[in-house]
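Computed from the coordinates by the stated procedures, all read-outs in this text should not be read as laboratory data. Please read all numbers here as calculations on a predicted model, not as lab measurements. Note that each Cβ is placed from the backbone with ideal geometry, even for glycine, and that neighbours are counted across all protein chains shown.
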Amino acid sequence: MSEDVHQRAARLIAAECVEGLAAGERTWLEEHLEHCADCAAHGRAIEEALRALRAVSVPVRPALLAATQLRVRLRARELHEQRSRMRALCISCALSWILGVVTAPLLWRAFAWVGRSLALPDIVWMASFALWWIVPAAVGGTLAWWRSRVARENGYAAGLPR
Ligand SMILES: [Zn+2]
């Protein structure tokens, strides 16, 4: 179901107050507000409400302020560490792929040689070659998934904002 133009205008008015709008969305909204009195009135009401809210001063306890600042800093550090881990993971994956491509022909010959030396059927050493590639990636992926899940649960247990 497509979004009604007036609903879209209301959504864009709200978004403009929070995060701003892209140039195309701003142009669309301005054109709509020129021709739609209801949406223009809604936009003015939102502006007046925000202006009134900004005029109200809310006393905040210093302990609450310090706790909030601490949580924001912890979250920023957590995001930074996540980015660092992802960068290291990407570099590791790239190196793994490069090494895999370079060593694949050598390993293929080694598996064939072992298969012939032990008089194994071709399908056995070929399947072993395939498992040589698949099993470590599957185990590594499972461990990475499990670690991220545990880290997320520990973060929530430590009282970080959800
Ligand atoms: Zn409208």
- Potential extension, Arg109-Ile46 segment - 0.36 nm per residue separation minus Cα distance: 15.5 nm
- Item | Spin-label model distance (nm) - Cys93 vs Arg54, 7 Å beyond Cα toward Cβ | 4.3 nm
- Cysteines without a disulfide-compatible partner in the chain, using Cβ under 4.7 Å as the rule? Cys17, Cys90, Cys93
- In degrees from 0 to 90, rounded to the nearest 10, what is the angle of the helix 5-18 Cα long axis to the longest principal axis of the chain? 80 degrees
- Message: Between 0 and 90 degrees, rounded to the nearest ten: what's the tilt of helix 122-157 against the longest Cα principal axis of the chain?
- Response: 30 degrees
- Query: For the chain, what is the charge dipole size about the Cα centre, in debye to the nearest 20, if Lys and Arg each add +1 at the Cβ and Asp and Glu each add -1 at the Cβ?
  - Reply: 1200 debye
- Item | Rg/Rh (Cα only; Kirkwood hydrodynamic radius) as it applies to the range 5-55 | 0.97
- Task: Could you work out the relative contact order of the chain, using alpha carbon pairs under 8 angstrom and six or more residues apart, expressed as a whole percent?
- Result: 14 percent
- Message: Above 17 Å lies some portion of the pair distances; for the range 63-157, what is it as a whole percent of all C-alpha pairs?
- Response: 68 percent
- Angle, helix 23-35 long axis vs. longest principal axis of the chain, Cα atoms, 0 to 90°, nearest 10? 30 degrees
- Query: Under the Kirkwood approximation for Rh and a Cα-based Rg, what ratio Rg/Rh is obtained for the chain?
  - Reply: 1.28
